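To start, the structure under review is shown below, and the notes come after it.
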Amino acid sequence: MRGVSVGRFRSSDLLMLSPWLVTLLLFWLFPIIASLVLSFTDYQLLSGHNSFIGVDNFIALFSDPTFVRAVLNTLVFTVGTLPFTIIFAIVLAIFVNRNLPFKTFFQSVYFFPSIVSLVVVALIYSTLYARGGYIQMLLSAVGLAYPPEGFLFSENTALPAIMAMDVWMSTGYYMLLFVAALQSIPQELYDAASLEGAGAWHRLKAITLPHLKPMLLFVLVLNTIKSFQIFVEVFVMTKGGPLNSTMTIVYFVYEEGLHKFNIGYGAAAANILFLLIALIAWVEMKLVQERQI
Amino acid sequence: MTRHSKSPARPLRLVIAASVAFIFLAPFIYLLLGSLAKNFNLAGTLDLASYSFTLANYTSLFSQAGLYRPVVNSIIVALVVTVGNVIFCTLCGYVLARRRFRGKNLVMLSVVMVLMIPTHVVIIPMYLLTNWLGIFDSYLALILPFLVTPLGVFLMRQYISTLPADMEESARLEGASEWTIVWKIVMPLCKPAIAVLSVQVFLVNWNSFIYPFILTSSESMRTLPVALALLQGYQSINIPQLFAASMISALPTTILFVVFSRRITEGIISGALKG
Amino acid sequence: MKRLLAAICLLALILYACSSTPKSDAPIVWWQFWTNPEVRPVITQMAASFESATQNKVQLGDLTWSDGHEKIAIALSTGGGPDVIELGSDWVAEFAASGRLLDLTDQLGGLRDSLLMWEPGVYQERVYAVPWMLGTRVLFCNRTLLTQAGYPPEFVPTTWADLLEASRRIDVLGEDVFGFGSNSAERHRLYKKYLPFFWSADGEVFNANATQTQFGTVAGRVSLDFYLLLSANGIVETQSRIEEYFSAGKVGFVISGEWLVGKLNRSELPFEYFVTVMPSVEPGGTGISFAGGEYLVVNKSSQNPDAAVALLRHLTLPANDQLFTSATGSYTPVNRFTAFATDSALAVTAAVFQRQIGNSRTTPVHPAWVAIEEILERGIEQALYKKMSSQEALDMIDRETAPILQKYARR
């Protein structure tokens, strides 16, 4: 009978829950339903024109080269950052977790970029990536090629530049999550494996990685949801350019819906994003669950 | 002993750790030095040979670019939202952890489901909603939607479930109301969770960009990140000033981080393990 | 349950209190963009002098350029909103077409002779907006670099050929020296850099009944090719970065407005510079520049339209125009009869701006300009990044704008 009072229903229960219930209805459910309804209309905020047009918005979106580009860029961004972020995070976590001196200090330093405002980070990198900036100096020092006009002004490097920044920024956060998972692995497993003469590589494969799996799934889904919503970086650094090479779905939604006020069209794009995220998160769950590492 | 022999020698590992730390810190060192620099190279690099300190970049920001109001706005919004989350998430967490009634599981499910909703997907309806409610471009638009966060409810519920319920039971037998129980018994016991929650919520709201950006329009309602992002388009703002403004935005989070570093990292680690 | 009800009532009350602002004495609500400390006092002063002259109360509201457009759109779409609004020149057509603005043709006809730059305020031959503040862009030239490139001290580029040749000669002076400061594909800015050349080459954006853009013409191609050549002999960057490079003496030419004069004069420059009017295609021709303007409109649903119109008249009086111009640092008063005074050091510069404003044009008037602008900039971008030839890019612009324009023409 521990911990639970089997009382009758009290009005205080409802009252205590009401802040969440109101928030849920007003700021979560209502917008989602409104978004769904709006995406089947051609609502224009300015003229007030509003009529039901069925799936026209969706058809128009898929023949809109800017939107198609936005979807592709968002996919490239997610697929291109995810493996790096996760691999770096796992490697760092294992490194930090193995009796590293000043462990807490280093752990905090690696994590630091994730708590600074994204706007600040994007502003710093805009300058770092500029013509003649530090990153160009670094690359020319080691003899690598770079676009002389600056990374954010070249069609081929703008998106990769933002992706690299994102990996740099979020690695520390996921490292922390993996450290948490590593700490939950019982030390006896390693001791037993050592007694049996298993090498470091074998212990990694047989013990560490399998135990990281639940966290890996969590990180995968979390990072996918986050990556698909990339907006601030684009707004601060490139505004979608050059040649739409950094146009992302959320930026497209913002431009169409809140800049040009094609509310219905923007909402339809947002719903496609929603579906994409749900689909990919589902695929990730299936993949990780089924593959018995 | 065997384990140590397999890993690289201690000094080598320290060198590696320090180099990695440098990669993560270098841009911020650049930011700090740049914000205090008297002269900048055109390309945005620092002339370290002739480097000299000045606070002019900071002072000119407040006189020229009017950064005072955004700072105040950010503080107000972040503080109110944090306090709101502490109170409301504790209340909701308590009910979900302790009480039993029909539909409770449904509420719990709603919390978990909403946790997974990508927030940027609903920027358009949120924008319309604040207009219809008549709170567009006001503090209410920046505060009301964020007063209770699903993550906060979830964290508090998880934490309260681990607490023993004996004290609550005896208080109830003595005729204390549910409100008194939460306020006098549960809240004090939740201090560690509340600390984690407050730091988390404060950081998120202090740094939040997209909602303050789309839900306000006047200069006087901007929060710091919004003001910062829009400053860069100004003709009269140069890089050192932009860096100084960025420092002002990054400073409170840095201080919070230095003071509560363990709380934050432990909060994330324990939160992750429970979730 | 009582407490629950009370809580719900409280919430409803809060929401209600926020949504309805009590109306007392019905002042004229005027939304405007000037919040910086140099100009704001003048706004208040002009509002106060109007109050004392007419017994009306004026209530000021502040807007910002980054999102003022959105805020105005929302306010007007609800059928309420302020009485008088300051609009950017490129927004007037859009709001006029949506039927939210008061037709001022009959009431303000008399002002037509005294104020400059009416074009953006007129939609379908009716006047919806009154020009209030103008600014144009001129050519800034680095004298020191010109001298280094071997030009005599009195040289002033007056034709496209002059400008291109000088840019070429400056660009080869050194690794970190650039000829022309060219705007990159920066949204909402790029078209303002291209159109002056297009206009100078006698290009017209729309055909007679605005069913078609005319970029795929000789004028379109000649001007785009010239812009590409200039870019190739210079630095391609964002406008604010280009201006920083110019301020550091690293760029020969840059096209910019009054704000750059202010910025250059505030700092100690390691070089000499001068301004001149936009170069023309051929010797003896006219170079056209891009003018930005800010316009005043009256909300159609204003409860007090007469007082609102009176406020427009008041604000554009020569005395107020002079106050306003000197506060904003503009060199180009909107009223012909405004006496312009400046210290002699700036007189030459100011004269160039005043000469240029007579040969300036604004964003073409069309309710769907935002969409057309996007297509135009995307096209120029294609040519700038050498994805298409300039002719292909310009033809694409004409092709993609056609459906939008025809939709509006049929209405």
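Some observations on this one:
- Averaged over peptide A:225-237, the number of partner chain Cβ atoms lying within 10 Å of each residue's Cβ comes to 3.
- Per-residue ³J(HN,Hα) for the stretch B:254-265, Karplus 6.51 cos²θ - 1.76 cosθ + 1.60, θ = phi - 60°, Hz, x for Gly and Pro: 5, 4, 3, 5, 5, 6, 9, 2, 5, 4, 5, 5
- When the charge dipole of the stretch B:68-274 is built from unit charges on Cβ atoms (+1 for Lys and Arg, -1 for Asp and Glu) and taken about the Cα centre, the candidate among B:S74, B:M113, B:I264 whose Cα reaches farthest toward its positive end is B:M113.
- Anisotropy class assigned to the stretch A:57-290 is oblate, per the alpha carbon gyration tensor with a/c at or over the 1.5 cut-off and a/b no larger than b/c.
- Cα gyration tensor, the stretch A:232-282 - rounded (a/c under 1.5), prolate or oblate: oblate
- Computed Rg/Rh of the protein assembly as shown, alpha carbon atoms with Kirkwood Rh: 0.99
- Peptides C:290-296, A:51-57, ordered by how many other C-beta atoms sit within 10 Å of their residues on average, highest first, read C:290-296, A:51-57.
- Interface burial in the stretch A:113-160, defined as at least 50 Å² less accessible area with all protein chains than with the chain alone at a 1.4 Å probe, covers A:I115, A:S117, A:V119, A:V120, A:L123, A:I124, A:T127, A:R131, A:Y134, A:F153.
- Across peptide B:94-101, the average count of Cβ atoms from other chains found within 10 Å of a residue's Cβ is 6.
- Dipole magnitude for chain B: about 860 debye, using +1 per Lys or Arg Cβ and -1 per Asp or Glu Cβ, origin at the Cα centre.
- Remark: accessible surface ordering of C:S52, C:S77 (largest first) is C:S52, C:S77, probe radius 1.4 Å.
- On Cα atoms only, tilt of B:191-207 relative to the major axis of chain B in degrees: 40 degrees
- Interface area, C with B, accessible, probe 1.4 Å, both sides summed, Å² nearest 100: 2000 Å²
- The residues of the protein assembly as shown have, on average, 42 Å² of accessible surface per residue, using a 1.4 Å probe with all protein chains present.
- Averaged over the residues of C:233-244, the number of partner chain Cβ atoms lying within 10 Å of the residue Cβ comes to 4.
- Using the rule -39500 (n - 2.57) for each DSSP H run of four or more residues, divided by the residues of the protein assembly as shown, the 222 nm mean residue ellipticity is -18500 deg cm²/dmol.
- Environment charge of B:N238, counting only residues whose C-beta is closer than 13 Å and scoring Lys/Arg +1, Asp/Glu -1: +2
- For the chain pair A and B, the interface hides roughly 8700 square angstrom of accessible area in total, found with a 1.4 Å probe.
- Ranked by the mean number of other Cβ atoms within 10 Å of their residues, highest first, the peptides B:241-249, C:210-218 come out as B:241-249, C:210-218.
- Sorting C:E204, C:E268, C:E94, A:E196 by solvent-accessible area of protein heavy atoms yields C:E268, A:E196, C:E204, C:E94, largest first, with a 1.4 Å probe.
- Amide H to amide H distances under 5 Å link C:V29 with C:Q59, C:D83, C:V84, where only residues 5 or more positions off or on other chains count and H is placed in the peptide plane.
- Between the stretch A:148-199 and the stretch C:253-278, the Cα center-to-center distance that results, in Å: 49 Å
- Per-residue ³J(HN,Hα) for the stretch A:139-148, Karplus 6.51 cos²θ - 1.76 cosθ + 1.60, θ = phi - 60°, Hz, x for Gly and Pro: 5, 6, 5, 9, x, 9, 7, 8, x, x
- Amide proton proximity set for C:G179, modelled H, under 5 Å, gap of 5+: C:D171, C:G234, C:I235, C:G252
- For the set C:Y191, B:Y139, the ranking by accessible area, highest first and with no ligand, DNA or RNA atoms included, is B:Y139, C:Y191 under a 1.4 Å probe.
- Summed over both chains, the area buried between A and C is near 2400 Å², taken from the accessible surface of protein heavy atoms with a 1.4 Å probe.
- Dipole-positive endmost among A:V109, A:S227, A:F58 within chain A (Cβ charges, Cα centre): A:V109
- Farthest positive-ward along chain B dipole, Cα basis, beta-carbon charges - from B:G175, B:I239, B:S217: B:G175
- With the highest mean first, a sort of the peptides B:89-98, A:150-159, B:180-189 on other beta-carbon atoms found within 10 angstrom per residue produces B:89-98, A:150-159, B:180-189.
- The lysines within cross-link reach of C:K193, meaning a Cα-to-Cα straight distance under 26 Å and a gap of 8 or more places when in the same chain, are A:K239, A:K260, C:K250, C:K263, C:K386, C:K387.
- Computed from point charges on the beta carbon alone (+1 for Lys and Arg, -1 for Asp and Glu), the dipole magnitude for chain C about its Cα centre is near 980 Debye.
- Proximal lysines relative to A:K213, as straight alpha-carbon distance under 26 Å, when same-chain residues fewer than 8 apart are discounted: A:K103, A:K205, A:K226, A:K286, B:K6, B:K274
- Chain B shape via C-alpha gyration tensor axes, a/c threshold 1.5: oblate
- Residues whose amide H comes within less than 5 Å of that of C:Y273, counting only those at least five positions distant or on another chain, are C:R143 (H built at 1.01 Å from N in the peptide plane).
- Hz values of 3J(HN,Hα) by residue in the stretch B:160-175 - Karplus curve (6.51, -1.76, 1.60), Gly and Pro given as x: 5, 4, 7, 7, x, 9, 4, 5, 4, 4, 5, 5, 5, 4, 7, x
- Overall, the protein assembly as shown carries a charge dipole of about 3880 debye about its Cα centre when +1 sits on the Cβ of Lys and Arg and -1 on the Cβ of Asp and Glu, all other atoms neutral.
- For chain B, the longest principal axis of the C-alpha atoms and the axis of helix B:123-133 are separated by about 70°.
- For the protein assembly as shown, the share of accessible area belonging to carbon and sulfur comes to 63 percent (1.4 Å probe, ligands and nucleic acids excluded).
- Euclidean distance of C-alpha centroids, the stretch C:117-150 and the stretch B:77-132, integer Å: 52 Å
The values are calculated or read from the model by the stated rules, or taken from the named source; none is laboratory data. Since we're looking at a predicted model, the values are computed, not measured. Counting neighbours? That spans all protein chains shown, and the Cβs are built from the backbone with ideal geometry, glycine included. The area values use the complete protein model at the heavy-atom level, side chains included, leaving out ligands, DNA and RNA. Shrake-Rupley method; radii C 1.70, N 1.55, O 1.52, S 1.80 Å.
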